[in-house]
Structures are given as structure tokens and as C-alpha cells.
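Structure, as C-alpha cells:
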Amino acid sequence: MKNSSEKDVIEIVYSNNTNSTSELTKQYFASSKRIELIFAFFLILFLLIFSRLVYLAIYQTDEINFEKNLNKQDYIIRKDIVDKNNIVIAKNIDVYDLVLNTSKKETIQELLVKVKKIIPEVDIVNLLKESESKKKIIIKKKIDENEFKKIIFLGEPSLEFQKRQVRIYPQRNLFSHIMGQVDDDNIGISGIENYFNESLLKKNTEASFQITIDIYLQTLMRNELLEAIKDYNAKGAAGILMRVDNGEVLALNSLPDFDLNKRVNISDEKYLNKITLGLYELGSVFKSFIIANAIDLKKIDENTLFYDLEKKIMCGGHDINEHEKNLKSDLTTTEILVKSSNIGAVKIADLVGIENYKTFLQSIGLLNKSTIQLPEKGHPFSAKWDKCTLYTASFGHGVSTTPLQLAAAYGTLVNGGYKIHPTIIKNNSSKKITKEQVITNETSQKMVKMLRKVVIEGTATKANIDGYNVVGKTGTALKVSKNSKEYGKDKINVFVSAFPEEKPEYVLLVMLDEPKSAPQLGHYRTESGWNAVPVSGKLVKKLGPILALNKVQVAANAK
């Protein structure tokens with residue numbers, strides 16, 4: 001190196017530096033590749049985790065939110081209930097109860113204080129008492145989403161979420177007297193929920209349980225009845241629409257009603273199902289039965305003339321009066337029905353006799369408990385049958401029955417004489433049902449013609465709606481006072497009708513409880529013809545087009 005020139009030194013240094021730089025460059029690139037690989041690995045891992053979180057957030061919320069804290073146990077599932085159009089009217093939804101597992105936490109009091117900050121209504125004292133004897137205690141039922149999130153963030157393993165199902169009713173009041181209710185364990189305790197409890201709990205069968213009620217008809221009827229209560233200042237109202245060929249109930253309302261979702265104990269008598277459970281003496285609508293019975297026995301015909309009818313007769317120390325003082329004394333059978341003569345009905349009852357009439361009322365279902373699929377059913381009753389019972393029962397007093405059975409009996413009168421069994425479940429059986437004929441077809445046809453005259457020129461003219469040819473009979477009955485057991489001044493008014501006259505397909509019953517006069521409507525009297533009848537007329541106008549459309553659709557589907 002001594003003899004080396006500066007140039008040589010520079011070259012050696014340069015050469016060494018170049019070699020060193022090259023080596024460093026190689027090391028740098030090798031290191032960069034390793035970093036890139038590591039970065040790529042972690043990026044892929046991040047993307048996988050992120051994708052999984054997104055998937056869980058969208059599709060598996062329960063897995064994230066509940067699996068760790070969910071107290072897994074069986075809970076009762078009920079089928080949806082749908083109306084005739086497959087619209088849901090009762091449905092189950094999942095809810096979560098907050099449960100404390102006392103075996104997992106020693107400082108329960110401290111934990112409950114934390115929970116109370118989230119759920120202020122928590123009763124720490126009572127929960128502490130419960131925790132002394134129970135392994136698990138329910139802190140709160142049906143916690144909301146906000147409470148749930150805050151509880152999760154506490155990170156306490158002793159706090160669990162117990163999943164169960166509750167019943168909801170989207171239409172609230174609309175089906176209250178039909179659906180009934182379920183208890184906290186999802187078991188039916190009234191209405192359809194109770195009657196069909198086992199069927200509604202069955203798994204691995206059809207997804208929903210269908211009834212015959214049509215939500216559109218049900219809504220229309222309820223709205224008109226609510227309006228009638230307002231117009232006539234009535235205590236309550238009720239209505240039913242039924243097919244006369246098979247007894248399918250298309251609408252059934254009883255007012256006042258209640259919101260099924262509130263799950264309160266309904267004990268007030270005003271909320272009872274007036275159609276199926278209420279028992280009433282229903283007045284002059286019974287005159288149709290004594291006449292039909294007499295015609296069927298061939299004791300009279302529609303033109304039989306009754307001479308010199310008294311204005312009053314005595315029976316058992318009580319007066320039986322004619323409801324209209326100006327009725328003429330000579331009336332035919334048809335006129336007795338059209339003018340609603342009490343004395344005329346009594347004279348026909350004399351021809352029929354006690355046993356015949358009692359048997360007839362039983363044969364058309366007025367003295368037996370209804371077979372409709374609801375647990376809330378009234379059991380008709382009557383006084384001990386004697387001559388006075390026969391007389392009063394001929395014009396609708398002394399015998400108490402339900403409006404449901406009255407409607408079914410009128411269906412029998414107009415459908416050719418075949419007994420109706422009301423149902424809220426469609427009969428899908430392939431078995432042919434043998435119909436029981438109670439009166440002859442000839443008697444039925446005569447009754448239809450006479451009932452049409454009641455609407456054209458009798459007590460029900462306000463239901464004479466063009467195009468529907470309504471037939472029917474009014475009933476105005478005094479209510480029996482609960483205290484005195486005597487008839488008071490308050491009334492039950494009913495109008496039971498069928499349409500169309502040519503071949504009756506539907507029977508419609510409207511009942512008003514203690515209606516008042518409505519001078520604002522030009523209705524100055526309180527008999528059925530001045531309230532229940534016009535309400536029925538309005539209903540026929542609104543229900544008729546829907547029924548006609550449904551009939552067309554059924555015919556089209558059959559093709």
C-alpha cells in the first residue's frame with residue numbers, strides 16, 4: 001500500500017464501497033419482501049375477520065348478541081292465526097327476559113345496583129329476597145334493545161337473556177271477542193286461543209291456522225256499530241254475519257271491545273261476548289218461530305184469518321197487551337207477523353201447544369248450547385213450561401237465548417229448513433255432511449215471503465235496500481232488572497235479516513243494548529224499527545258489494 005498511488009487508493013475505496021453497497025441493497029430488498037409478505041398476511045387476516053363480523057352483523061345477530069349470554073331452554077311456539085283472506089290476526093314474536101344466575105355471582109347486591117342504573121324500575125330489595133331461595137331470578141321481562149346493549153357492555157356472565165315468545169294481535173280490538181287471549185306461558189285462556197290451544201301448539205303441520213272471519217267485513221261491521229252506539233247513545237251493540245248454507249261466520253262483533261295486546265284481566269260484564277255468551281229475551285223475533293211451527297204442523301197457512309183478536313188477555317195474573325193500540329181486530333197469519341201482533345202470536349200458540357212448540361225451539365237450536373268453536377257460550381234457559389210460558393214465548397219473552405242462536409235459527413227458516421251449526425272454522429273435510437231438515441222447504445219458502453213483507457210494509461221498512469231484497473223481523477224486548485227480577489224500562493233491540501229474498505245466502509243480526517231516540521236522525525222512537533233496522537240497512541249497503549265480489553272470485557277460482 002506504500003507505493004500505491006492516490007488513484008489506486010481511491011479505486012480500492014470505491015471498489016470496497018461498491019461491494020458494500022451492493023450487499024446492503026440485496027439485504028434491503030430481501031427485508032422488504034419479508035415485510036410485504038407479513039403485511040399481506042395480516043391484511044388478509046384482517047379482511048377475513050372484518051368479513052366475518054359484517055356477515056354476523058347482518059345475518060347472525062343472535063349469534064353475536066345472545067349466544068354467550070343466552071339461557072337456552074325450550075319455549076312455547078304458537079301458529080299464526082289468519083283470516084279468510086290469509087291476513088295475519090294473531091302472531092308470535094321473540095322477546096328476551098333479563099335473568100340473574102345467582103350461582104355465578106357472589107356480590108349480587110353490587111350487581112343489581114349496576115343493573116338499576118340501566119333499568120330504574122328494578123326492585124333490588126325484592127330481588128335480593130328472591131335470590132336467597134332461587135338459583136335464577138327474572139330481573140325484567142321483555143327488555144328493550146337499548147337496555148339489552150347496556151347490559152351486554154357490563155360484561156357480567158351471571159346476567160343471562162332468556163328467550164321466549166309472546167302473542168301479538170296486529171288488529172288490536174278488531175277480533176277481541178273471537179281471538180281471546182294467552183297467558184304469560186303462551187297458553188290460550190279464552191276465545192279461539194283457548195278452544196284450539198292444542199292445534200295451535202302442534203309443530204310440523206301447516207304454518208298458520210285459518211278462520212272464516214273476513215277482516216274487511218269485520219271492520220265494516222265494527223265501524224257501523226260504533227257509529228250506532230254514538231247515534232243512539234246505546235250502552236253497547238253487537239252483530240253477526242253468517243252464511244245460511246253452512247253456518248260459516250264471516251263477521252262477529254261485540255261492543256264495547258278491548259285491545260288484546262294489553263293483556264289485562266277483563267272482568268267487567270260490559271265486555272262479555274254479547275253474540276255467543278249473552279243471554280237475552282229477544283222479543284218479537286220469536287213470532288216467526290211460532291208461525292213456522294204452526295204452518296209446518298199444517299195448523300194454519302199464511303192466509304189463515306184470525307177474527308176478533310182482543311187487545312189484552314190475562315195469564316197467571318199478568319196482562320198480555322197488544323204493542324200497538326190501533327191494530328185491527330181481524331188479522332191473517334201474514335199480517336200478524338208484519339204488524340207484529342202479540343195477541344195474534346198467542347192465538348197461534350194455542351193451536352200449536354206446549355210440547356210441539358218446545359220441541360220445535362229445541363230442534364232449531366234455540367234451547368241448547370251452541371256448538372260454535374268458542375269456550376264463551378251461553379246456555380239458553382226458560383221458565384217452567386206451562387200455558388203462560390207458551391204464550392209469552394210465542395212473542396219472545398220467558399225464553400232467554402243468545403243472538404248467535406237466534407241468527408242460526410233464522411238461517412234455518414230461510415235456507416229450505418236445514419239446521420245450521422255456526423262455525424268459525426272452514427270445513428275442509430271430504431266427507432259429505434248430512435243436513436238435518438227441521439221444517440219443510442215449502443214452509444221455508446212461505447216464511448221468506450212473509451218476512452219480505454215485514455221489510456216492505458211492516459216494522460222494518462228502513463232496511464228495504466234497493467237491489468238486495470232483504471227479509472227479516474224486528475224484536476224489541478224489555479230487560480229484566482237484576483235487583484227486582486221484574487221487567488224494567490231498558491230495552492234490547494234486535495233486527496235479524498237475510499238476503500237476497502230469491503235465494504237467501506246470508507243472515508245478518510244487529511243488536512243494540514239500551515238505545516235511545518235519535519231526533520237528530522229523525523228517529524223519535526226507541527223500538528227496533530227506529531235503530532237496529534236502519535243500522536242493518538246501512539250495513540247491507542256496505543257489506544253487499546264485498547260479498548258479491550267474493551262470490552265472483554270464488555266462482556272464478558272454481559273454474
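Kindly evaluate Ser199 against the criterion of being among the small types (Gly, Ala, Ser), touching a strand residue (DSSP E or B) at 6+ places or on another chain (Cβ under 9 Å), at pLDDT 85 or above and not assigned by TED's automatic domain parsing to the domain that holds Gln520. Yes: the conditions hold for Ser199. Return yes or no: is Ser528 closer than 12 Å to Gly472 by Cβ, buried (at least 16 other Cβ atoms within 10 Å of the Cβ), at pLDDT below 90 and touching a Ser or Thr at 6+ places or on another chain (Cβ under 7 Å)? When the stated conditions are applied, Ser528 passes them.
Conditions (1) β-branched (Val, Ile, Thr); (2) buried (at least 22 other Cβ atoms within 10 Å of the Cβ); (3) over 25 Å from Ile424 (Cα atoms), marked per residue:
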site: Ala237; (1), (2), (3): no, yes, no
site: Ile240; (1), (2), (3): yes, yes, no
site: Asn246; (1), (2), (3): no, no, no
site: Leu272; (1), (2), (3): no, no, no
site: Phe289; (1), (2), (3): no, yes, yes
site: Glu302; (1), (2), (3): no, no, yes
site: Gly316; (1), (2), (3): no, no, yes
site: Asn321; (1), (2), (3): no, no, yes
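Taken as a whole, the structure leaves Leu331 outside the set of residues that are surrounded by 15 or more Cβ atoms within 10 Å (Cβ to Cβ), within 30 Å of Thr461 (Cα to Cα), at pLDDT below 90 and in the same structural domain as Thr276 (by TED's automatic domain parsing). Return yes when Lys503 is within 24 Å of the chain's Cα centre (by Cα), surrounded by fewer than 22 Cβ atoms within 10 Å (Cβ to Cβ) and within 24 Å of Asn415 (Cα to Cα) and no when it is not. In short, no. Within region 130-149, being without any contact (Cβ under 8 Å) to a residue 24 or more places away in the chain and in a helix (DSSP H, G or I) holds for Glu130, Glu145, Asn146, Lys149. When Tyr232 is tested against the conditions (1) buried (at least 21 other Cβ atoms within 10 Å of the Cβ); (2) over 19 Å from the mean Cα position of the chain (by Cα); (3) closer than 30 Å to Ile138 by Cα, the lone failure is (3). Of all the criteria given as (1) touching a strand residue (DSSP E or B) at 6+ places or on another chain (Cβ under 8 Å); (2) at negative phi; (3) assigned to a loop (DSSP other than H, G, I, E, B), the one not satisfied by Leu127 is (3). Among the residues making up region 102-113, a single one is surrounded by fewer than 17 Cβ atoms within 10 Å (Cβ to Cβ) and either among the basic types (Lys, Arg) or touching a strand residue (DSSP E or B) at 6+ places or on another chain (Cβ under 7 Å) (or both): Lys104. Within region 127-149, can one find any residue that is within 30 Å of Val249 (Cα to Cα) and crowded, with 17+ Cβ neighbours inside 10 Å? The answer is no, given that none of the residues of region 127-149 is within 30 Å of Val249 (Cα to Cα) and crowded, with 17+ Cβ neighbours inside 10 Å. Exactly one residue out of Ala251, Ala294, Ala234 is hydrophobic (A, V, I, L, M, F, W, C), at pLDDT below 95 and in contact with a Leu (Cβ under 7 Å, 6 or more places away or on another chain), and it is Ala234. Of everything in region 350-369, what is within 22 Å of Ala408 (Cβ to Cβ) and either among the charged types (D, E, K, R) or buried (at least 21 other Cβ atoms within 10 Å of the Cβ) (or both)? Give them in sequence order. Within region 350-369, Val352, Tyr357, Lys358, Phe360, Leu361, Ile364, Gly365, Leu366, Lys369 qualify.
Kindly indicate whether Cys388 is at negative phi, surrounded by fewer than 16 Cβ atoms within 10 Å (Cβ to Cβ) and touching a Cys at 6+ places or on another chain (Cβ under 6 Å). It is false that Cys388 is at negative phi, surrounded by fewer than 16 Cβ atoms within 10 Å (Cβ to Cβ) and touching a Cys at 6+ places or on another chain (Cβ under 6 Å). Annotation: of all residues in region 304-314 being surrounded by 15 or more Cβ atoms within 10 Å (Cβ to Cβ) and of a type in the set (A, V, I, L, M), the one that is farthest from Asp386 (Cα to Cα) is Leu309. Region 352-467 holds helices (runs of 4 or more DSSP H) entirely within its bounds, and those carrying 1 or more residues that are over 30 Å from the mean Cα position of the chain (by Cα) map to 354-363, 387-394, 441-457. Of everything in region 351-375, what is modelled with pLDDT of 90 or more and charged (D, E, K, R)? Give them in sequence order. Correct list: Glu355, Lys358.
Of the residues making up region 458-469, one or more are within 30 Å of Lys299 (Cα to Cα), assigned by TED's automatic domain parsing to the domain that holds Glu281 and buried (at least 24 other Cβ atoms within 10 Å of the Cβ). Within region 292-299, not a single residue is without any contact (Cβ under 8 Å) to a residue 60 or more places away in the chain, of a type outside the set (Lys, Arg) and over 28 Å from Val438 (Cβ atoms). Entry remark, region 341-381: residues being among the acidic types (Asp, Glu) and under 15 Å from Pro403 (Cβ atoms) number 1 in total. Determine if region 217-224 includes at least one residue that is without any contact (Cβ under 8 Å) to a residue 12 or more places away in the chain, out of contact with any helix residue (DSSP H, G or I) (no Cβ under 8 Å at 6 or more places or on another chain) and farther than 19 Å from Phe175 by Cβ. No, region 217-224 contains no residue that is without any contact (Cβ under 8 Å) to a residue 12 or more places away in the chain, out of contact with any helix residue (DSSP H, G or I) (no Cβ under 8 Å at 6 or more places or on another chain) and farther than 19 Å from Phe175 by Cβ.
Pairs, please: C-beta under 7 Å, at least 6 apart or cross-chain, first residue under 23 Å from Ser528 (Cβ atoms) and in region 308-334, second outside any loop (DSSP other than H, G, I, E, B) and among the acidic types (Asp, Glu)? Here the result reads Lys312/Asp319, each pair linking region 308-334 to a residue that is outside any loop (DSSP other than H, G, I, E, B) and among the acidic types (Asp, Glu).
The values are calculated or read from the model by the stated rules, or taken from the named source; none is laboratory data. Note that the coordinates shown come from a computational prediction; the quantities given were computed from them, not determined experimentally. Virtual Cβ from ideal backbone geometry, glycine too; neighbours counted across all protein chains shown.
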